[in-house]
Structure formats: C-alpha cells, structure tokens
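Colleague: Below is the structure I would like to discuss, written out as structure tokens.
The values are calculated or read from the model by the stated rules, or taken from the named source; none is laboratory data. What you are looking at is a predicted structure, and each value in this text was computed from that prediction instead of being measured. All Cβ positions, glycine included, derive from the backbone under ideal geometry; neighbour counts span all protein chains shown.
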2 protein chains.
Amino acid sequence: MYSFEHILSKAAQTCAKPFGGLPKHHFVGGNIDEPTIPIDALSDALVDLLKDEGHHLAKYGMDSGMQGYLPLREQIATMLAKRAGMTVNASEILLTTGSLQAMDLVNKALLNAGDIVLIEAENYAGTLTKLDALGVYYIGVKTDDHGMCPLALRDALTNLAQSGRKPKYIFTIPTIQNPTGTVMPLDRRHEILALAREFDIPIFEDDCYADLVFSGERPPALHALDTDERVIYCGTFSKTIAPALRVGYLVAKWPLMGHILPLKTDAGSGALEQMLLAKFVPQNFDAHVKRLLPMLKAKANLLCDALDEHFGSTAHYTKPVGGIYLWVTLPAHVDTEQLLSAALAEGIEINPGPQWAVDKSAAKNKMRICFGHPTHASITEGIKKLAAICHQEFGVPLTSSNTHNQP
Amino acid sequence: MYSFEHILSKAAQTCAKPFGGLPKHHFVGGNIDEPTIPIDALSDALVDLLKDEGHHLAKYGMDSGMQGYLPLREQIATMLAKRAGMTVNASEILLTTGSLQAMDLVNKALLNAGDIVLIEAENYAGTLTKLDALGVYYIGVKTDDHGMCPLALRDALTNLAQSGRKPKYIFTIPTIQNPTGTVMPLDRRHEILALAREFDIPIFEDDCYADLVFSGERPPALHALDTDERVIYCGTFSKTIAPALRVGYLVAKWPLMGHILPLKTDAGSGALEQMLLAKFVPQNFDAHVKRLLPMLKAKANLLCDALDEHFGSTAHYTKPVGGIYLWVTLPAHVDTEQLLSAALAEGIEINPGPQWAVDKSAAKNKMRICFGHPTHASITEGIKKLAAICHQEFGVPLTSSNTHNQP
C-alpha cells in the first residue's frame with residue numbers, strides 16, 4: 001500500500017489520533033452548557049429564514065461578497081456598538097469559521113517566520129500552537145488580577161526596541177482573559193493603548209468571552225478606545241450561542257481588510273449559521289445572554305465550592321467574574337501534566353498549565369478547569385475524584401485540609 | 001492613522017476590493033440555479049434536526065471529534081459507494097468548509113515551496129492560485145475530449161524522472177473536468193492509475209461536479225479503482241444542494257488523515273449544514289439530483305443555442321454532458337481578458353481563458369461560461385449582448401456568420 005509518510009510537508013509532521021469519545025468529566029475546551037442552547041428560538045428563526053432568504057444559498061457569498069452575509073454583519077455592528085462601545089461599519093467586518101479562523105487570517109496577513117509578537121504570559125493554548133506553527137517568536141507579558149501589566153509591557157517593548165527589534169503586534173484578551181479570567185479595567189486599557197501608540201505597534205484584541213461577564217457590565221473594548229485605528233478585533237458567537245455553529249468575526253479597516261480577504265481561501269464560511277444568526281440576534285441575543293449568565297455563574301460557584309471542599313487550601317484561584325473557565329494554582333510540587341494522565345485514566349480531563357502559558361515550567365503546577373459544559377453532578381463528582389487522584393499522585397490535598405476552606 | 005501596509009506578511013500582498021454587487025449577466029463562479037434549491041425539504045429537515053440533535057451544538061465537534069458530524073460522514077460513505085463505486089469508512093472522511101478547504105488541507109499536508117505537481121493543462125483557477133501562493137510549480141498535462149491524456153502524462157512523468165525530480169501528486173478532475181467539461185472514460189482511468197503506480201506518485205482526485213452528469217451515469221471514481229491506497233479524494237455538496245452551505249469532504253486513509261487533521265485549525269466547519277445534510281441526504285439527495293439534472297441540461301442546451309445563434313461558427317465548444325460551465329474557443333485573435341473588460345462595462349461577466357489554464361497565451365482566446373446560476377432570460381440576452389461586444393472589439397462574429405450554425 002502507498003504510504004504518504006515520506007512525502008509529507010514540513011507543516012504536517014504531527015499526527016492526530018482518531019476520536020475516541022470524550023471522558024466522563026470533561027473539564028476542557030470552550031464547550032458550553034447544553035440546556036442553554038436556544039433550540040426553539042433557533043428553530044423558529046430557521047424556518048422563517050429559509051423561506052425568505054433561502055435563495056441566497058445559490059450563490060457563493062449570498063449576495064454579500066466574500067465578507068459574509070451582510071444582514072448579520074450589520075447586526076454585529078449594532079451589537080458591538082451596544083455591548084462593546086465600538087463604532088464599526090459592516091464593511092469592516094469579516095465573518096469567519098469561528099474566531100480561530102479570524103486569528104489564522106490575522107496571523108497570515110501580518111506574520112512571517114522569525115517575527116516577534118507580544119502576548120499575555122498565560123494564554124489560550126491555540127494562540128501558542130498557531131504561532132509555533134508559523135515559526136513566530138512570542139514574548140509573554142506578565143499579567144496580574146487586572147490582566148496584562150503595563151509596566152511589564154513597557155519593559156518588553158523597551159528591551160526589544162533597544163535590540164532594534166519591533167514586535168508585529170500586541171495580542172491581548174482584555175475581557176475575561178483566557179485562562180486567567182481577569183477583566184482589564186478602563187484605565188489600564190488606556191495605558192495599554194498609549195504604549196502601543198508610543199512604540200507604534202498594532203494591537204490584536206481577542207474579545208471572545210466578553211459577553212460572559214456575569215454582572216452583564218464590561219469595560220469598552222480596546223477597539224472602542226483606539227484613537228488611530230491600530231486595533232484589529234475578533235469576536236465569536238461560540239460562547240454565547242453554540243461553539244459548533246462556528247461563526248466568528250474579524251473587525252479590520254480597509255485596506256487591511258482587502259489584504260486579509262484573499263487569504264480566506266475557502267470561499268466563505270457556512271451560510272446557514274450566518275443567516276440564522278442574522279434573524280436570531282436582533283430579537284433574541286440580549287435576552288438569551290441575560291438568561292445564560294446566572295446559569296454560568298451558578299456553575300462557577302459550584303466549581304469553587306467543590307474546589308474549596310475537596311482541595312481546601314491546596315487550590316488557589318481568583319473567584320471568576322465571568323467566562324467558563326477557572327485558572328487554578330496547586331502547590332509547587334504538583335505536576336499537572338502528570339495529574340492529567342492519572343485523571344484521564346479515571347475519565348477526567350483538565351487542561352494542564354504548561355499548554356496555557358509561555359513559561360511552561362512556571363505553569364507546571366497550574367491547571368485550567370472549564371465549567372461551561374459539565375453538568376452540576378459532573379462538577380461535584382469530578383472535582384471530588386480529581387482531589388483524590390491528586391492526593392494519590394502528589395500527597396495533596398491532605399485529607400484533613402479538605403475540611404478547611406481557603407481564605 | 002496607523003497603516004498596516006508596512007507590516008504585511010509576504011502572503012498578504014494582494015489587496016481585494018470591497019464587494020460592489022454582481023453584474024446583471026453573471027456567467028462566472030460555481031453558483032447554481034436558484035429555483036433548484038430544495039427549500040421545503042431543507043426546512044423540514046432543519047426543524048426535526050434541531051429538536052433531536054440540537055444539543056450536539058454545545059460541543060466543538062458535535063460528539064464526533066474533529067472530522068465532523070459522524071452521521072453525515074456515514075451518509076457520505078453510503079452515497080460514495082452508490083454513486084462513485086467507492087468503499088470508504090466514515091473514519092476516512094473529513095468534513096470541510098467546501099472542497100476548497102479540502103484542497104488547502106491536502107496542499108498544506110503534502111507540499112513545500114519548490115515542489116512540483118502535475119495538473120490538467122486547463123484547470124480550475126483556484127487550483128492555480130493556491131499552488132502559486134504556496135510557491136509550488138505545476139506542469140500542465142495535455143487534455144483531450146476524454147480528459148487528461150495518458151501519453152502526455154507519461155511524457156511529463158518521464159521527463160521529470162530523467163531530471164531526477166518527482167512530482168508530489170497528480171491532480172485530476174476526471175468527471176466533468178473544470179473548465180473543459182470532459183468525462184474520463186473507464187479505460188483511461190485505469191491507464192492514469194497504472195502510470196501513478198509505475199512512477200509511484202499519489203493522485204489527488206477532485207470529484208466536485210461528478211453528480212452533475214446529465215445522464216445520471218458516471219464511471220467509477222479513480223478512488224474506487226485504486227488498488228494501493230494512493231488516491232486522495234474530495235467532493236462537495238456545493239453543486240448539488242447549494243454552494244453557500246460550504247460542506248465539502250476529504251477522503252484519506254489513516255495515518256494520512258491524522259497528519260491532515262491538525263492542519264484544520266478552525267475547530268470544525270459549520271455544524272448546522274452538517275446536521276442538516278445528515279437528515280436531508282438519505283431521504284432526498286437522489287430524488288433532488290434527479291430533478292436537478294434536466295433543469296441544468298435545459299440551461300446547457302439554451303446556452304449552446306444562444307452561442308450558435310449569436311456567435312455562429314466563431315464559437316467552438318463541445319456540447320456539455322454535465323456540469324454548469326462551457327469551455328468556449330473563439331478565433332485566435334480574440335483576447336478574452338479584453339473581452340471581459342468590455343463586457344463588464346455592459347454588466348456581463350465571463351471567465352477569460354488565461355485564468356483557467358497553465359499556458360496563459362494558449363488560452364488567450366478561450367473563455368469559461370457558467371450557466372448554472374443565470375436565468376434563461378439572462379442566458380439568451382447576455383450571450384446576444386456578448387456577441388455584439390465581441391464583434392465591436394474584435395470584428396467577430398461577423399453579423400452574417402451569426403446565422404450559420406457550427407457543425
């Protein structure tokens with residue numbers, strides 16, 4: 001039989017395994033709560049839309065060109081104005097196959113191998129693997145409870161400038177940072193923007209989780225505060241409506257948009273989702289998110305309670321103000337990669353810290369726990385089991401400590 | 001204002017223009033006939049599926065992993081067995097954002113800059129631009145009324161072997177070749193496969209139009225005749241159901257599939273289309289295609305009649321046996337790029353030959369006319385106008401010749 005192994009490209013050296021199903025307690029991935037999917041409203045919207053708009057399906061671009069279905073782009077512009085304080089025209093929006101494609105397109109448009117970018121030191125694992133695949137260097141900027149630290153950013157920019165190098169962009173997730181869950185306050189947003197202007201670097205803002213602030217109130221996006229069009233922005237419906245829909249969006253000014261468009265070589269993303277959301281969003285989005293937030297907050301609280309009960313002072317975390325994940329620090333001797341191996345054998349999956357951080361060794365004892373998708377029962381049972389596995393592997397939490405809540 | 005022009009990557013030098021609407025007579029692109037879209041059946045399928053399967057949307061991969069919705073992959077396996085004679089397991093199918101993403105993934109998995117591939121000398125414009133963007137060299141293999149010529153393929157393979165070079169793959173569209181519309185007969189399929197084995201080269205088979213053979217009968221796919229697993233295959237629902245749906249599929253054996261999967265960095269294609277087609281295909285696909293074919297054939301005939309009437313012996317073509325495009329040869333002095341410019345000014349768009357051929361100068365007087373989407377009225381009126389414009393620009397067709405049909 002012919003083997004393709006000897007003709008694989010340099011990019012294709014990794015080999016995935018066939019899907020073997022999800023573990024019972026699945027605390028990873030941006031999956032969301034099943035009961036929150038607005039099936040009835042989506043159904044109603046779908047039937048109407050096919051009757052009214054189905055003929056658009058006959059054409060690539062649905063009479064809207066390669067940027068995606070115009071009515072949805074208009075809805076997104078309205079939504080971004082209301083929710084993120086942004087002033088955006090539909091012509092500056094590109095609909096993408098999730099925000100991951102938006103990220104790929106921005107990277108493809110701006111980055112060559114050997115380039116440098118600045119990113120938050122703890123980061124979405126996909127950010128790191130995408131940059132690795134492109135041969136791009138990334139420097140992790142320290143974060144605290146308010147997100148990326150301006151002082152650390154100034155240091156990094158100054159150091160690079162002194163060695164004659166200029167990063168291609170500053171990538172930030174200012175609202176519900178992934179994985180740390182922090183929300184950058186308004187004054188710090190201004191500071192980060194001022195630094196970007198001072199060093200003349202663009203900003204790539206990932207706002208994927210921003211609709212999930214439990215209080216319903218968020219600071220304006222960096223894009224909204226930008227005074228000289230240096231912020232590229234991406235967002236998604238994955239975390240509010242459904243991840244499998246794969247509808248993300250990229251916001252960029254022309255002519256940058258004109259340079260990005262030819263790089264989207266798939267002739268458009270799925271039309272049905274775009275048309276569906278164009279119907280759904282104006283009537284249902286705000287109410288849907290309003291219903292969603294207390295359900296997510298209840299799960300976040302349940303997860304914190306379970307950690308307090310079973311890990312006690314062994315697990316440190318900052319109580320989440322939004323989102324679907326929690327960044328947990330365990331004692332220094334715990335290796336979360338090893339914890340994952342042992343946990344997987346018992347049907348529990350967590351994200352070990354090293355995959356979510358620039359400095360792998362500093363994140364050895366950290367883990368990301370996603371609480372959006374698991375049921376209440378799975379959170380309670382899974383965390384209890386995880387604590388037992390952790391104790392077995394690393395001697396912590398001590399059984400007695402489980403009864404002491406952390407401060 | 002910040003300008004991104006100075007930081008664009010090497011890949012992003014092209015700049016697209018904002019969408020300005022489609023011309024009145026739009027004879028380009030793989031768009032299809034609007035009235036053929038099965039709106040009612042799709043609507044019915046959608047409502048059922050959201051009620052029954054909507055919960056899958058909460059997870060990336062819809063409980064099917066990163067290859068896409070398993071029930072649809074199973075339906076495609078059944079369909080490929082029946083329609084193309086292929087024996088394929090659902091685990092060998094990857095659902096993609098149209099077959100264009102399948103093409104990108106195969107290219108990314110197998111090609112490095114500087115590699116060589118063999119392709120049919122007249123080809124889908126996207127094939128050429130994708131290979132150009134990758135810095136891959138392509139050699140055009142001569143075609144005749146039966147598709148890629150085995151003698152020309154042997155010559156190309158021999159020449160390369162003598163200079164110590166080996167192409168990465170042979171790319172072919174054996175059934176309703178794009179743009180020539182030819183269907184490769186069974187014996188030639190065996191010859192092409194034998195050459196691939198003799199020179200030990202894989203084949204990348206693009207079968208996107210194969211369901212549109214007007215007679216409803218097609219030879220088995222090369223993949224079906226392959227004896228040693230050297231054929232990678234892609235197909236799509238774009239031409240049978242709707243192009244904007246963006247559901248294509250890639251067929252590859254493991255472990256090649258395992259190398260391709262990590263290159264699909266968008267976390268999956270649109271779920272709704274996949275779930276919809278999983279419901280629609282088993283009950284409706286065959287009947288839908290059966291209804292579709294005579295409608296397309298009628299348009300093909302109308303286009304040929306219009307060409308005969310208005311271009312007369314000035315336009316040479318082979319009467320189409322399927323598909324949605326016609327490859328037309330005009331007299332040697334006609335420049336179809338110039339014809340396009342003049343035609344666009346009058347609201348008519350055609351594909352000039354040079355964009356659809358490896359040898360641009362040899363295709364200067366050729367054009368591709370797509371008849372799937374334009375209405376009957378647009379075909380009749382558009383071709384009449386096009387003949388007048390052609391006469392104005394190039395002196396042909398002569399007014400008198402318009403009354404003589406070609407043999």
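Colleague: So, in the range B:253-290, of the ones that are surrounded by 18 or more Cβ atoms within 10 Å (Cβ to Cβ) and of a type in the set (Asp, Glu), which residue ends up nearest to residue A:4 (Cα to Cα)?
Modeller: B:266
Colleague: Answer yes if at least one residue in the range B:187-203 is within 19 Å of the chain's Cα centre (by Cα) and assigned by TED's automatic domain parsing to the domain that holds residue B:106, and no otherwise.
Modeller: Yes: one or more hits.
Colleague: Hey, any hits in the range B:321-340 for a residue that's out of contact with any strand residue (DSSP E or B) (no Cβ under 9 Å at 6 or more places or on another chain) and among the hydroxyl-bearing types (Ser, Thr, Tyr)?
Modeller: Looking for residues that are out of contact with any strand residue (DSSP E or B) (no Cβ under 9 Å at 6 or more places or on another chain) and among the hydroxyl-bearing types (Ser, Thr, Tyr), one finds none in the range B:321-340, hence no.
Colleague: Kindly indicate whether any position in the range A:194-210 is surrounded by fewer than 23 Cβ atoms within 10 Å (Cβ to Cβ) and farther than 20 Å from residue B:2 by Cβ.
Modeller: no
Colleague: For the range A:245-282: of the residues being out of contact with any Phe, Trp or Tyr (no Cβ under 7 Å at 6 or more places or on another chain), aliphatic (A, V, I, L, M) and within 18 Å of residue B:243 (Cα to Cα), which is nearest to the other protein chains (Cβ to nearest Cβ)?
Modeller: A:272
Colleague: With the structure loaded, tell me whether residue A:20 is within 30 Å of residue A:133 (Cα to Cα), more than 7 Å from chain B (Cβ to nearest Cβ) and crowded, with 21+ Cβ neighbours inside 10 Å or whether it fails that test.
Modeller: No; evaluated as a whole, the condition is false for this residue.
Colleague: Residues being in contact with a helix residue (DSSP H, G or I) (Cβ under 8 Å, 6 or more places away or on another chain) and either surrounded by fewer than 24 Cβ atoms within 10 Å (Cβ to Cβ) or not β-branched (Val, Ile, Thr) (or both): count how many of those fall in the range B:160-177.
Modeller: 6
Colleague: Same structure again: For the range B:309-359, which residues satisfy the criterion of being buried (at least 18 other Cβ atoms within 10 Å of the Cβ) and part of a helix (DSSP H, G or I)?
Modeller: The answer is B:310, B:311, B:312, B:314, B:336, B:339, B:340, B:343, B:353, B:354, B:355, B:356.
Colleague: While we're looking at this one, here's another question. Need pairs with beta-carbon distance below 7 Å; first residue within 9 Å of chain A (Cβ to nearest Cβ) and within the range B:63-75, second crowded, with 21+ Cβ neighbours inside 10 Å and of a type in the set (Val, Ile, Thr); sequence gap 6+ or separate chains.
Modeller: Filtered contacts from the range B:63-75: B:67/B:93.
Colleague: Testing residue B:52 on (1) within 22 Å of residue A:265 (Cβ to Cβ); (2) outside the structural domain of residue B:323 (by TED's automatic domain parsing), one condition comes back false. Which one is that?
Modeller: The failed condition is (1).
Colleague: Checking the condition of a type in the set (A, V, I, L, M) and closer than 30 Å to residue A:245 by Cβ, which residue from B:100, B:110, B:151 passes?
Modeller: B:100
Colleague: What number of residues within the range A:46-55 satisfy the criterion of being closer than 18 Å to residue B:32 by Cβ and either buried (at least 22 other Cβ atoms within 10 Å of the Cβ) or more than 7 Å from every other protein chain (Cβ to nearest Cβ) (or both)?
Modeller: 2
Colleague: Hey, another quick one. State whether one or more residues within the range B:87-110 are free of Cβ contacts under 8 Å to residues at least 24 places away in the same chain, facing chain A (nearest Cβ under 7 Å) and among the aliphatic types (A, V, I, L, M).
Modeller: No, the range B:87-110 contains no residue that is free of Cβ contacts under 8 Å to residues at least 24 places away in the same chain, facing chain A (nearest Cβ under 7 Å) and among the aliphatic types (A, V, I, L, M).
Colleague: Also, I was wondering about something else. Sort through B:155, B:132 and tell me the only one that's charged (D, E, K, R), in a helix (DSSP H, G or I), within 24 Å of residue B:362 (Cβ to Cβ) and under 18 Å from the mean Cα position of the chain (by Cα).
Modeller: B:132
Colleague: Given the conditions (1) over 30 Å from residue B:20 (Cβ atoms); (2) in the same structural domain as residue A:47 (by TED's automatic domain parsing); (3) among the aromatic types (Phe, Trp, Tyr), which single one is not true for residue A:311?
Modeller: The number of the failed condition is (2).
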